[in-house]
Amino acid sequence: MWLSFLSQEHAACNVHRGRVLLLTMCLAGVANAQTGTIDQRSPHDPSNPLAATFEAGETGFTWQQQIRPARSGRLEGIRITYGDALPGTRLAVRVRAGSGPSVAPPLFQTTLTFPGGANFARDTYLDMRSANIQLFAGVPFVLEFQGFGAHLVVVGSFVEQGPPLYAEPLFLNGAEFDPRWRIGFDTFMEGGSVCVADFNRDGQSDFFDYLDFAAAFAADDPAADINLDGQVDFFDYLDFASAFDQGCG
């Protein structure tokens, strides 16, 4: 049985219980394009009894799923599952730095155009290597979806009782969403070290990195937790200053 929620969600979500979803899995070949290691996983299998769908195509809906990497390195890409798209439906997908809700400039953005087709679910993999997004273990970022006025759902999860299936929060239009819901995804990470001095992750260490770190430090932003001890304090400032002096060789 599908249930629609019409309060805060405004029919933005559907949740399935007790039977197989009325979606036929049709896995795209691009799902095999990634070669990195899965770092974070929020379930997005439509056959899961806890599966739920999110209306992502509607104008006025901007979803942000916060993600907290467990390892440092370059973000290779993210895999999601979508379904029930009308022909020509478009969806903006972005990655932004910082905790949700984030208004930081996009580190990656693309617009997907879907072929359409009812009653299906399809995995799609978004290759993000060209954006050169360097992530730090424990420092959150957000995966963002914004629609353009046509029907499209993305798959995630809903847990009526107990903890959600992914620990990090979900946001809709800048406000934290019902904590029982999570958008599903897999993040793929490449190996390699991250240059701490390249704070804004533009591929070089310069005075803009120092200014950006100083602003984050003053705002008590978790991104300024350089030593990853769970708090932003003077030791982070000292560690960043030392890394900045060394640069990115």
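Numbers below:
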| quantity | calculated |
| --- | --- |
| Cβ-derived FRET efficiency at R0 45 Å, Thr111 paired with Leu211, nearest 0.05 | 0.90 |
| For the range 95-168: rounded, prolate or oblate by the Cα gyration tensor [a/c cutoff 1.5] | oblate |
| Modelled FRET efficiency - R0 30 Å, Gln231 with Ala175, Cβ distances, 0.05 increments | 0.70 |
| Dipole magnitude of the range 122-249 about its Cα centre (Cβ charges: Lys, Arg +1; Asp, Glu -1), debye to nearest 20 | 580 |
| Whole-percent carbon and sulfur share, accessible surface of the range 151-249, 1.4 Å | 55 |
| Shape call, the range 138-193: gyration tensor on alpha carbons, a/c limit 1.5 | oblate |
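The values are calculated or read from the model by the stated rules, or taken from the named source; none is laboratory data. Keep in mind that what you see is a predicted model, and the values were worked out from it rather than measured. Quick reminder, even Gly has a Cβ in these numbers, built from the backbone with ideal geometry, and neighbours come from all protein chains shown. What goes into the accessible areas is simple: the full protein's heavy atoms, side chains included, and nothing from ligands, DNA or RNA. Shrake-Rupley method; radii C 1.70, N 1.55, O 1.52, S 1.80 Å.
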